[in-house]
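Novice: My structure is below; once you've seen it, I'll send some questions.
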Amino acid sequence: MSLKTLKDYDILGWRGEFYFKVDGPKLIKARWPDKGTIKLQKNQEFTSRADMSLWSQFKTIRVGKPAIQKIKVILRERDHLKKDETVAELELEIKLPSKTEYVILQDEKENTKAKLRIQATRTRY
Ligand SMILES: [Ca+2]
């Protein structure tokens, strides 16, 4: 995952404070990072380490049977003075298994953009 913003989200040049929410199946919700925010000033970019995941899930599927996992990814910006703002959200329908792909999550004005890597390959162990 990488996240870049072209906008100052707070007055007086304070940094934007971003975090992700993921709505998974059966009301399971995740937040990333678990605590804290990704602080970005205008034109800054954050790239996560490869071992950081917004969402992880194991799902057993029958060979030859198509399976889809729906999740919703939401990018929010925190504000101390008002309710956290939803910057962008995206509903994903991930085919299992599938090749690794990238999707873009961005706001309507394209000021803030997250590039998400979706890995839904088979797991053997
Ligand atoms: Ca803020």
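Novice: Looking at this model, which pairs from 83/115; 72/95; 26/70; 39/113 are more than 22 angstrom apart at the alpha-carbon?
Specialist: 83/115
Novice: Roughly how big is the stretch 59-110's charge dipole about its Cα centre, with Cβ charges of +1 (Lys, Arg) and -1 (Asp, Glu), in debye to the nearest 20?
Specialist: Charge dipole of the stretch 59-110: 560 debye, to the nearest 20.
Novice: If packing is taken as the average count of other Cβ atoms within 10 Å, what order do 18-28, 56-66, 91-101, 110-120 fall into, highest mean first?
Specialist: With the highest mean Cβ count within 10 Å placed first, the list reads 110-120, 18-28, 91-101, 56-66.
Novice: Amide H of residue 44 versus every other amide H placed in the peptide plane: which residues, excluding those fewer than 5 positions away on the same chain, fall under 5 Å?
Specialist: Amide H neighbours of residue 44: 5.
Novice: Ratio of alpha-carbon Rg to the 2.2 N^0.38 Å globular estimate for the stretch 39-98, to two decimals, please.
Specialist: Here the answer is 1.57, to two decimals.
Novice: A follow-up question, please. Just need log10 I(q)/I(0) for the chain at q = 0.13, 0.18, 0.19, 0.21 Å⁻¹, Debye formula, equal scatterers on the alpha-carbon atoms, no solvent, rounded to two decimals.
Specialist: Taking Cα atoms of the chain as identical point scatterers yields -0.56, -0.98, -1.07, -1.26.
Novice: Out of residues 5 or more away from residue 87 or on other chains, whose amide H comes under 5 Å of its own, with H placed 1.01 Å from N in the peptide plane?
Specialist: Those lying under 5 Å, H to H, from residue 87 are 75, 76, 77.
Novice: I've got another one for you. Pick out, from 48, 63, 3, the residue whose Cα sits farthest towards the positive end of the charge dipole of the stretch 1-91, with +1 on the Cβ of Lys and Arg and -1 on the Cβ of Asp and Glu.
Specialist: 63
Novice: Obtain the nm distance between the two label points defined at residue 119 and residue 42 by a simple spin-label model: each point lies 7 Å from its Cα along the Cα-to-C-beta direction.
Specialist: 3.6
Novice: So how strong a dipole does the chain carry about its Cα centre when Lys and Arg Cβ are +1 and Asp and Glu Cβ are -1, to the nearest 20 debye?
Specialist: 720
Novice: If you don't mind, there's one more thing I want to ask. Apply the Karplus curve 6.51 cos²θ - 1.76 cosθ + 1.60, θ = phi - 60°, to the phi angles in the stretch 26-40 and return the couplings in whole Hz, x for Gly and Pro.
Specialist: Result, rounded to whole Hz: 6, 6, 7, 10, 10, 10, 9, x, 4, 9, x, 9, 8, 9, 10.
Novice: Next up: Using each residue's phi in the stretch 14-21, evaluate 6.51 cos²θ - 1.76 cosθ + 1.60 at θ = phi - 60° and report the 3J(HN,Hα) Karplus result to the nearest Hz, with x for Gly and Pro.
Specialist: The phi angles translate into 5, 7, x, 10, 9, 8, 10, 10 Hz.
Novice: Using the charge dipole of the chain (Lys, Arg: +1 at Cβ; Asp, Glu: -1 at Cβ; taken about the Cα centre), state which of 98, 111, 37 has its Cα farthest towards the positive end.
Specialist: So the residue furthest toward the plus end is 98.
Values in this text are rule-based calculations from the coordinates and carry no lab data. Because the structure is predicted, anything quoted here is derived from the model rather than measured. Backbone-built Cβ (ideal geometry, glycine too); neighbour counts: all protein chains shown.
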